[in-house]
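K.L.:
Take a look at the following structure, please.
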Amino acid sequence: MARYFDRFPIVDYDGNIAKNILARVDFTDKTKRDIYSTFQFTLEEGFERPDLLSYNYYGSSKFDWMIYLTNNIVDPYYDYYKSSEDFNSYIATKYGSNSNARSITLFYRLNWHEDERTITTQQYDSLVANETSNTQKYWKPKLTNTGTVIGYERLKEEWIVSTNEVLSLSLTVAPSEFEVGDLVSQTSTSAYATIDYIDLENNRLTVKHVSGTFAVNEAEGISEIKVLSQNIPEAESEYWYAVNAYDDEKEVNELKRNVVVLKSSYLAEVEKQFIQQIST
C-alpha cells in the first residue's frame, strides 16, 4: 500500500509536510465504458494479499495499489479481505475475544438456509394464522409443471429485524452496576438479554435481544416485567435466528473475497491516468 501513497502529491498541512491522501482518482472514461476491462476474482486461502495477487497476475508485486484502486478501497485494514490470522487479530482488538464477539447479538434473520423441509398442504393449513401471529407466511407453495400444489417449502427471503423483543424490567434495587450493552440474566429461568437503556431514577432496565422467558421474582431482584414491543412472536421464533457480531463480521469479510481485477492490457493506460490525476 505504501507504493500507492508514494504517488500522492505533497502538501503543506498546518506547517507540516504531508501526503495529500484525500486526492481523488478515477478511471478513464474509456476504461469505464469497456465492460471487458475487468474481471471478477475470488481470493484463495494463502494468496489473499494484494501484493501476491499483483505478482501472480501482473508479474510484479508493485501493482498492489491497483487492486485497491480498482475496488475503491480507501482503508486496506478495514475495506480489504482479511486472512484468518488477520481476521482473528481484528476481532480480538475490536471485541476483546472471539467469545465476546459471539455473545453480542446484532439483529435477527430468517433461518430458511437451514430448513430444507417440505410440508404437506394439511400441515400448512394447520399452521398458526391469526391477528398476533402468522407462521404460514414463512412458507410458499411447491408446484408441479401444471401448477398443482404438492406441498410447501420455506420462503427464501432475506428478512431482518433489529431485535426480537423489548422488555422493561423493574428492579428492587438501583441498577447502578450495569452499563448499556451488558448482558443481564436470571438464574431461575436461564433467560438473558442485552441492556438497551438504564433508568436509575425508577430502578428500571430496558432490554432487547431476549432469549428465554424472564419471570417476576423479587428474590432475584425483578418486581415487574412489561413487554414494550415484540417483533418476533413466540410462535414464530423457530423461523428466526440471532446474528452475533462474530458471524456478521465473518460474513462481511467473506464477501470481500470477491474482488475486481483490472485486465493487464489496461494497466499501462490506467497507471498513466492515475499519475496525471494525482499530480493535478
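A short reminder: the numbers here are calculations on the coordinates, not readings from a lab. Note that the structure is predicted; figures quoted are calculated from it, not measured. Cβ coordinates were reconstructed from backbone atoms using ideal geometry, including for glycine residues, and neighbour counts include every protein chain displayed.
K.L.:
With unit charges on the beta carbons (Lys and Arg positive, Asp and Glu negative) and the dipole taken about the Cα centre of the chain, which residue among V180, P141, F107 sits farthest to the positive side?
P.N.:
P141
K.L.:
On a full-extension model of 0.36 nm per residue, what is the gain between N56 and E201, subtracting their alpha-carbon distance, rounded to one decimal in nm?
P.N.:
Extending this stretch completely gives an extra 45.8 nm.
K.L.:
Quick one: grab the alpha carbon gyration tensor of segment 108-249, order the square roots of its eigenvalues as a ≥ b ≥ c, and give me rounded if a/c is under 1.5, else prolate or oblate depending on whether a/b is larger than b/c.
P.N.:
prolate
K.L.:
Take the alpha carbon gyration tensor of segment 165-230, find the square roots of its eigenvalues, order them as a ≥ b ≥ c, and report rounded if a/c is under 1.5; if not, report prolate when a/b exceeds b/c, else oblate.
P.N.:
rounded
K.L.:
Related question: In nm, give the distance between the simple-model label positions of S190 and S170, each being 7 Å from the Cα along the Cα-to-Cβ direction.
P.N.:
Spacing of the two 7 Å Cα→Cβ label points: 2.9 nm.
K.L.:
Which value in nm describes the separation of the simple spin-label points at T118 and I225, placed 7 Å from the Cα toward the beta carbon?
P.N.:
Result for the modelled spin labels: 4.1 nm.
K.L.:
Using Cβ contacts closer than 10 Å as the measure, can you line up I150, I91, I198 from fewest to most?
P.N.:
I150, I198, I91
K.L.:
Please arrange K142, K94 by how many other C-beta atoms lie within 10 Å of their C-beta, fewest to most.
P.N.:
K94, K142
K.L.:
Sequence-distant or interchain residues sharing an amide H contact under 5 Å with K142, placed H: which?
P.N.:
Residues meeting the amide H criterion: I150, G151, Y152, E153.
K.L.:
Here's something else I'd like to know. For the chain, what is the mean residue ellipticity at 222 nm derived from helices alone (per DSSP H run of n ≥ 4: -39500 (n - 2.57); sum divided by total residues; nearest 500 deg cm²/dmol)?
P.N.:
-7000 deg cm²/dmol
K.L.:
About its Cα centre, how strong a charge dipole does the chain have in debye, to the nearest 20, once Lys and Arg get +1 and Asp and Glu get -1 at the Cβ?
P.N.:
Charge dipole of the chain: 1220 debye, to the nearest 20.
K.L.:
Ok, one more. Please rank L52, L171, L143, L262, fewest neighbouring Cβ atoms within 10 Å first, as an exposure proxy.
P.N.:
Ascending number of Cβ neighbours within 10 Å: L143, L52, L171, L262.
K.L.:
Moving on to the next point. Rounded, prolate or oblate: which one fits segment 47-92, using the alpha carbon gyration tensor with axes a ≥ b ≥ c (rounded when a/c is under 1.5, else prolate when a/b beats b/c, else oblate)?
P.N.:
Here segment 47-92 falls in the oblate category.
K.L.:
Which option, [x] 21.6; [y] 18.9; [z] 23.9, is the value of Kirkwood radius over Cα pairs in Å that was calculated from these coordinates?
P.N.:
Identified label for the calculated read-out: [z].
K.L.:
A follow-up question, please. Using only alpha carbon pairs under 8 Å that are at least six residues apart, calculate the relative contact order of segment 165-230 and give it in whole percent.
P.N.:
In percent, rounded to a whole number, it is 45.
K.L.:
Obtain the nm distance between the two label points defined at E234 and D86 by a simple spin-label model: each point lies 7 Å from its Cα along the Cα-to-C-beta direction.
P.N.:
Each label point is offset 7 Å from its Cα along the Cβ direction, giving 4.8 nm.
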